[in-house]
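Enquirer: Below: one structure in structure tokens.
The values are calculated or read from the model by the stated rules, or taken from the named source; none is laboratory data. Source: prediction; values computed, not measured. Note that we place each Cβ from the backbone using ideal geometry, even for glycine, and neighbour counts take in every protein chain shown. Ligands, DNA and RNA are excluded from the accessible area calculation, which covers all protein heavy atoms including side chains. Shrake-Rupley method; radii C 1.70, N 1.55, O 1.52, S 1.80 Å.
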Amino acid sequence: MVGDQEALRALLLYYDELPYDVAFVYVTGRHLASALSLIEAEDLPQPDILITDVGTAIYRDAQLAEDVEWKRQMQAGWQPKRIVEMASAFPALHRQSLPDNRRISFTFSPNDGAVHDFEEALAQARIPHKMIISSNRDVDVLPEKSGKGNALNYVIERYAPKDVQVLVAGDSGNDLDMLTLGYPAVIVGNAQPELTTIEPHPRLYHAQKNCAKGIHEAWLHFYGS
Ligand code: GLC
């Protein structure tokens, strides 16, 4: 959605003029305050649902009330303290400063093997988790049942009408699981290399264009004029 203001305005105008309602679900790696400041800075429409922290938190409606059922599912078996302890053995992983422990995220220096070794250590210690690597820079350790894909699936099943038509759009590694849920999806032209090599599929469209223009291109591809 962001990155090309003019294209974003054109896309929003296009959606406004459609004969049906378009709802916005933002699915971001950012934490809530960071997501809200981006929405404000880019003058994005208020989302109908906001999924933050790589799928570990879901907020809805104008009040942005947290979905407590999803929160409960995220907390089951989640062991942030142990994950932090284990990470301290890998100095190449730099912990991101985040407002809470719903995910444990790091940045890392590319290609030094630490991420792989850390993942192996977590697996050996049988600590339930999901690890997601994005942009050759970020590594997120998340509750096992989280991730953008699982969170989006939950939101669609719980809140969307049965005949909903969906377009999922993404540009980096943390988007992969939601792009491959089976809903019509677009990898925008300016995506990170970890997505550009994904095999196309009838429901996974590689847009030529960047940012909001790529979303618009995919909307026309899947849903016509
Ligand atoms: C966003 C978040 C960061 C996360 C990354 C990958 O950049 O701000 O915390 O690690 O996405 O999911």
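Enquirer: Kindly list, by first and then second residue, each pair from a residue in the range 1-16 that is among the charged types (D, E, K, R) to a residue that is not in a helix (DSSP H, G or I), limited to pairs with Cβ atoms under 7 Å and residues at least 6 apart or on different chains.
Expert: If the second residue must be not in a helix (DSSP H, G or I), the pairs left are D4/N210.
Yes or no, residue by residue, for (1) out of contact with any Lys or Arg (no Cβ under 6 Å at 6 or more places or on another chain); (2) not hydrophobic (A, V, I, L, M, F, W, C):
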{"site": "G173", "(1), (2)": "yes, yes"}
{"site": "L179", "(1), (2)": "yes, no"}
{"site": "Y183", "(1), (2)": "yes, yes"}
{"site": "Q192", "(1), (2)": "yes, yes"}
{"site": "P200", "(1), (2)": "yes, yes"}
{"site": "Y205", "(1), (2)": "yes, yes"}
{"site": "C211", "(1), (2)": "yes, no"}
{"site": "E217", "(1), (2)": "no, yes"}
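Enquirer: Taking the range 207-225 as the search range and keeping residues that are open to solvent by 50 Å² or more (accessible area, probe 1.4 Å) and outside any helix (DSSP H, G or I), which one is modelled with the lowest pLDDT?
Expert: This residue is S225.
Enquirer: While we're looking at this one, here's another question. Within the range 153-170, can one find any residue that is modelled with pLDDT of 95 or more, outside any loop (DSSP other than H, G, I, E, B) and within 19 Å of I133 (Cβ to Cβ)?
Expert: The answer is yes; a qualifying residue exists.
Enquirer: Still on this structure: Looking at D53, D4, D100, can you tell me which residue is more than 15 Å from the ligand (Cβ to nearest atom) and acidic (D, E)?
Expert: D4
Enquirer: Consider G77 against the criteria (1) surrounded by fewer than 20 Cβ atoms within 10 Å (Cβ to Cβ); (2) touching a Gly at 6+ places or on another chain (Cβ under 7 Å): it satisfies all of them except one. Which criterion is unmet?
Expert: All conditions pass for G77, except number (2).
Enquirer: I've got another one for you. Hey, any hits in the range 132-144 for a residue that's away from the ligand (no atom under 11 Å from the Cβ), under 23 Å from A33 (Cα atoms) and either free of Cβ contacts under 8 Å to residues at least 12 places away in the same chain or out of contact with any Cys (no Cβ under 8 Å at 6 or more places or on another chain) (or both)?
Expert: yes
Enquirer: Considering every residue within the range 150-159, establish whether at least one is within 16 Å of the ligand (Cβ to nearest atom), closer than 29 Å to A185 by Cα and open to solvent by less than 50 Å² (accessible area, probe 1.4 Å).
Expert: yes
Enquirer: Here is a follow-up. Among (1) surrounded by 19 or more Cβ atoms within 10 Å (Cβ to Cβ); (2) at pLDDT 95 or above, where does P128 come up short?
Expert: (1)
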